[in-house]
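One structure is given here, and the rest of the page talks about it.
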Amino acid sequence: MRRWIEANAWTLGLAVLLAVLLLATKVIQPGFGATGLDSLARAALPFALATVGMAVVVIAGGIDLSVAAMMAVASVTGAVLMAGAGDGQALLAVIAVLALGIAMGTVNGVLIVVTRVPDIVVTLAMLFVWQGVALLILNAPGGGAAPWLRAMSAGGVALPGLPQGLTDWLPRGVVFLAVVTALIWVPIRRSKLGLRLYAIGSDPLAAFRSGVPVGQTRIAAYAICGLFAALGGLSVTMSTGIGEPIPGPYLLASVAAVVLGGVVLGGGRGGILGPILAVFILRTVRMDLTMLSVDPNVAAIIEGTIMVAVVMFGAILATRGRKA
Amino acid sequence: MTAMTEAPSALTRLGRLMADNPLLPLTLLLFLLIGVLAVMNPAILSLFWAGNTIKIAIPLAMLAACQTLTMLTGGIDLSVGTVATITAFMTATLAPLTGVPPAIAVALACAVLVGLVNGFGVAICRVHPLIMTLGTALIATGCLLVYQRYVIATGVLIPDFLIWLGTGRSLGLPNSLALFVPFAILIIWAQRRSGFGRLLYAIGANEEAARLSGVRVWQVHLTLYTLSSLIAGVTGMLYLGQIKTASLSLALPLDLPSVAAAVIGGTSIFGGRGGYGGTILGALILTVLTTMLTLLQIPEGGRRILFGLIILAVTALFIRLTERS
Amino acid sequence: MPDSADAVLDAKGVAKRFGAVQALRDASLQVGRGQVVALMGANGAGKSTFVKILTGVLRPDSGHVKIKGRESTVASPAGARAWGLVPVYQEPSLIPDLSVADNLRLGDTAMEPFRHWVAELGLPDLQPDAMIRSLPLASLRIVDLARALAMEPDVLLLDELTAALPTDLVARVLKVVRAQADAGRSVIYVSHRFTEIAAICDRATVLRDGLTVGDLAIEPGIEERIVEMMLGGAVAAAVTEARPGRPVASGTPRLRVRGLRTGTRLTDVSFDLHKGEVLGVVALEGQGQDELFNVLAGNRRASAGTVEVDGRPKAFSHPADAIAAGLTLVPGDRAHALLMSRSVRENIAVPLIARIRNWGAVPMREEAAKVATAVETLQIDTRAQGEVRRLSGGNQQKVTIARWIANGVQTLLLFDPTRGIDIRTKRQIYALVRDLADQGAAVLFYTSELAEIRLACDRAVVIFNGRVVDVIDAAEADESTLMRAAYGLSERAPA
């Protein structure tokens, strides 16, 4: 038990911090309740999904600067395919978008492994490529989303046997995030692939010597990131009902949340839960600033400053780690 | 066992030629593109067109100077578009309130501040320059939006000399050359003949070796990113004179092309190689290429894809070539 | 020697070249069933390249490796394992951020035999859920070895396995390794330690300059013959032009080092280096010499001990501090020292522009003069001016030295400056080092080529296990004396 707490001290600390922040929100705004939680979850959903994707790549020792651009591609593709489509067709569209996400991530990974150009340069170039693709698909925000999809992230969950007063407090956005992440990440984490992802991030040479196919594992990491980016893009379409071709501020936010969530830039350490909690912390700070009727632009500055400070702090830690 | 000296392959020799004289193939490429343009639309070529192309290329080439200098050390500065936008917007909006010289001074001070923050993050905290400059760009944009809410009512004044510089022509040549030619000469001189310029190459070629030779690398980084922001700020003012509107996204579309111009110009994104001469040609090539894409009615999305692929392909080619030799 | 037909592993005529360096010319190795064969060689003889080829990390340019009679097609460590060849490398190949159990899972190794071997090797208390990062280096070695044993290999390749182990664990490891061989498996044992080789090996294969020069049965007194073989003809043909003896300068030494310690390897080193003296440093690989030079050059901090320059205590936090105190380093790896993509002139001139006050216009004429003097002093072939990467190894090395000549030398720290360069350049470097000393410079000269001590130095300190074990005058520094001292075989008491 003690060892478990020690190993997860950072994540537990984040959970406590989030709880404190939510309490503070309640103090600031006594009316904060189920609806507030729901909108928080909906706002956090795309950030959280982008962050999970980024976390997987960072754990494997890389970085993906194209995550926000891939989200834009997924968002517009989904919106275009779903515009005016029936429920069944919309389901096919969702599947197609997820496949597209995996394909985009695989392209990133293959380019990194084959060209041997550093990940940061490849994904920077691909950031522009995916931005361009999104713009070609949809020049301005538009398209549509199937109503059932839109319903998935809004409102409380109806669980049989529980009074609605209670289930209202469990936002669908959170449930959606939990289910999706659990369905994708938990099996990977438990499998050999999960070990390999951590292995190539922790020490690529030792991994190679232990028989890990380093290149393939790296490609897999980017493919997973692409899948989560597609989910993130869909979640944008889910909450707005349209496709958004201009990438949102997800890149820096996801890097900051990954660092704040206890994943070391450089790879090998950390998990998925910490970064997700970090996303909610950052979103709650933003929400509190809004509630304190801080100018939204000032709030954006504060948020950006927090994120940059977190990344700076993380970089200092990473440099220390290398020296030790 | 005898040592066989491998005969250099044609590709290796081409690579060496490119590495030694990047200006030669670039000039050829530029004229090739102009030739293609002439075939596509013979009416377009004229002295006026040439002057116009140079005029459009100059702000791009100046922002690409920031990328060239930072890329020589293996870095990058993605905040230049934002910084240029901020200085332009602040100059135009402060000028009616304070007069032109104080407005310019305040705007440039803001640019320097962004540069110092970038430099601090890169030099002291060792954040990757790409992440750091993206982050400061985000914060700076937020600050600009806040600032804009308080000055929106005061009106806009674009100083006359900036308009003269940005849009005027003398003897058929754009006046912006009056700023650009000395600027380019200074940069090209500094990169070879000043201690600071040499250190940029040294750090990019081998940071560890530079450190072992007694270079305090953080001093160079801090100075470099501050200088980069300052150049971006000056560019913003020139661009303001050219575009003649103060917008909140004025120079943002130049971010990506500025990186592409430096990469096409033969500056290695890994540092240690390249120079500003190639970058100027790169900016001209991109400007001609953009004209061509416009003629072909390629949309903005296609342009971005093309630029991204160019950066990737040139970098990958570069790795291949240097690994062989 | 077993008939190569029954050898479990049979490598013949293996050659490998890296650029201008011929790392292996004609290396061979036969290992019979149930044998422990030591693979020996002085620094730079090609051992590590040979090990990498055997385990599939590198591909040989020519020659062949047969395992169990079949031509080996091993292309990776994982592939080697499928052939029954399991290596244990010098640096543990375990993932720091995974637990012991996860590391086993990663390599498909069964837990039960692993536990058996860990207990057998003296770590019965090892927790399978312990993070690798949290384990001490000695335990990692044991874990790595136990994992290899659990794979039940036909051939076990152990590379400097005992280097970080305490004595009690060494004894257990040796017992287990020997028992493996007695049970019919084969072991390749790469080591510098004669006592261990005498204890468990059947034969020793000796490499020198990329050639297999001998394959001997281990018997009492074999050490001397192995030492001779590792040195080869060099002893007979020892260049006679030894540095004329000079009286050791008295007074305050230029550099005084006392009780220096850093990291795990450098534990306690003390010596004096005087003005006008060339002090050799002799050590096998990994005895702490890298750390010593890094501390003196300001590239690493000492955890204990003092460094005095001209009688004043100094602590360097950056190479610039060391340079300001006159201590200038020529690192062992030229790749760390050179701006490969820049010109000779720019390389030499870096220290001249390092400080902020020199960031302005470069005084081109003055710089050209300084660089020209340095180029002339070192006789650098400047035909390929454009990029240093196109120079020969010897000329590259001269450029790294020239960097410090251009501004005058006070104390020069040379780390293996002649590694992999031609004999003519080597001679020029010896002459240069002597000239510099004659002009009043102090030189600390680490070399992996023992013959050089006599040619370039006045005295030599011998470092073994992170401490100075001997000080030898150049006049007495013939190679076998140095080699014995470096292997800890010397009977002389440390001075």
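Before moving on, here are some points about what is shown:
- Segment C:127-146 - residue that is within 13 Å of chain A (Cβ to nearest Cβ) and under 21 Å from C:Lys175 (Cβ atoms) and, of those, farthest from the chain's Cα centre (by Cα): C:Val143
- Scanning segment A:208-223 for residues that are at the interface with another protein chain (Cβ under 7 Å from one of its Cβ atoms) and under 27 Å from A:Ala50 (Cα atoms) yields a single hit, A:Val212.
- The number of residues in segment C:231-268 being outside any loop (DSSP other than H, G, I, E, B), touching a helix residue (DSSP H, G or I) at 6+ places or on another chain (Cβ under 7 Å) and at pLDDT below 85 comes to 2.
- Count of segment C:436-453 residues which are of a type in the set (Val, Ile, Thr) and either part of a loop (DSSP other than H, G, I, E, B) or on the phi > 0 side of the Ramachandran plot (or both): 1
- For first residues located in segment B:282-305 and under 24 Å from B:Ala65 (Cβ atoms), partners that are modelled with pLDDT under 90 and assigned to a loop (DSSP other than H, G, I, E, B) and lie 6+ apart or on another chain with Cβ distances below 8 Å form the pairs B:Gly282/B:Gly265; B:Gly282/B:Gly266; B:Ala283/B:Gly265.
- Residues located in segment B:250-270, provided they are within 27 Å of B:Leu321 (Cα to Cα), aliphatic (A, V, I, L, M) and surrounded by fewer than 24 Cβ atoms within 10 Å (Cβ to Cβ): B:Leu256
- Residue in segment C:63-81 that is of a type outside the set (Ser, Thr, Tyr), over 29 Å from the mean Cα position of the chain (by Cα) and within 12 Å of another protein chain (Cβ to nearest Cβ) present: no
- Consider segment B:123-148 and keep the residues that are more than 7 Å from every other protein chain (Cβ to nearest Cβ) and farther than 19 Å from B:Asp255 by Cα. The one that is modelled with the lowest pLDDT is B:Gln148.
- Looking only at residues of segment A:100-137 that are among the hydrophobic types (A, V, I, L, M, F, W, C) and under 29 Å from A:Val174 (Cα atoms), we find that the one that is farthest from the other protein chains (Cβ to nearest Cβ) is A:Ile102.
- Each residue in segment C:398-443 was checked for being within 15 Å of C:Ile323 (Cβ to Cβ) and not aliphatic (A, V, I, L, M), and 7 of them qualify.
- Screening C:Gly440 on (1) at pLDDT below 85; (2) more than 16 Å from the chain's Cα centre (by Cα); (3) surrounded by fewer than 18 Cβ atoms within 10 Å (Cβ to Cβ); (4) not acidic (Asp, Glu) shows it passes everything except condition (1).
- Enumerated helices (runs of 4 or more DSSP H) restricted to segment C:291-409, each holding at least 2 residues that are free of Cβ contacts under 8 Å to residues at least 24 places away in the same chain, more than 9 Å from chain B (Cβ to nearest Cβ) and surrounded by fewer than 21 Cβ atoms within 10 Å (Cβ to Cβ): C:364-378
- One residue alone among B:Val117, B:Val112, B:Val80 is within 27 Å of B:Phe270 (Cα to Cα), away from chain A (no Cβ under 13 Å) and either surrounded by fewer than 24 Cβ atoms within 10 Å (Cβ to Cβ) or hydroxyl-bearing (Ser, Thr, Tyr) (or both), and that residue is B:Val112.
- A:Leu277 being under 20 Å from A:Leu37 (Cβ atoms), more than 9 Å from chain B (Cβ to nearest Cβ) and assigned to a helix (DSSP H, G or I): yes
- When A:Pro247 is tested against the conditions (1) within 12 Å of chain B (Cβ to nearest Cβ); (2) surrounded by fewer than 24 Cβ atoms within 10 Å (Cβ to Cβ); (3) in a helix (DSSP H, G or I), the lone failure is (3).
- Residue among A:Val67, A:Val80, A:Val58, A:Val76 that is within 13 Å of chain B (Cβ to nearest Cβ) and in contact with a strand residue (DSSP E or B) (Cβ under 7 Å, 6 or more places away or on another chain): A:Val76
- The residue that is farthest from B:Ile185 (Cα to Cα), among those in segment B:258-310 that are aromatic (Phe, Trp, Tyr) and at pLDDT below 85, is B:Phe307.
- Just one of the listed residues (B:Gly115, B:Gly81, B:Gly74, B:Gly119) is on the phi > 0 side of the Ramachandran plot, touching a helix residue (DSSP H, G or I) at 6+ places or on another chain (Cβ under 8 Å) and in contact (Cβ under 8 Å) with a residue 24 or more places away in the chain, and it is B:Gly74.
- Residue that is surrounded by the most Cβ atoms within 10 Å (Cβ to Cβ) [pool: residues in segment B:180-224 that are touching a residue at least 60 places away in the same chain (Cβ under 8 Å) and farther than 30 Å from C:Thr328 by Cβ]: B:Phe180
- Scanning segment C:47-85 for residues that are within 12 Å of C:Leu9 (Cβ to Cβ) and either hydroxyl-bearing (Ser, Thr, Tyr) or not assigned by TED's automatic domain parsing to the domain that holds C:Gly13 (or both) yields C:Thr55, C:Ser72.
- Within segment A:197-207, tally of residues that are without any contact (Cβ under 8 Å) to a residue 24 or more places away in the chain and more than 7 Å from chain C (Cβ to nearest Cβ): 1
- Subset of segment C:49-77 [surrounded by fewer than 20 Cβ atoms within 10 Å (Cβ to Cβ), touching a residue at least 12 places away in the same chain (Cβ under 8 Å) and outside any loop (DSSP other than H, G, I, E, B)]: C:Ser62, C:Gly63, C:His64, C:Lys66
The values are calculated or read from the model by the stated rules, or taken from the named source; none is laboratory data. Just so you know, these numbers come straight off a predicted model, no measurement behind them. Positions of Cβ are backbone-derived with ideal geometry, glycine not excepted, and every protein chain shown enters the neighbour counts.
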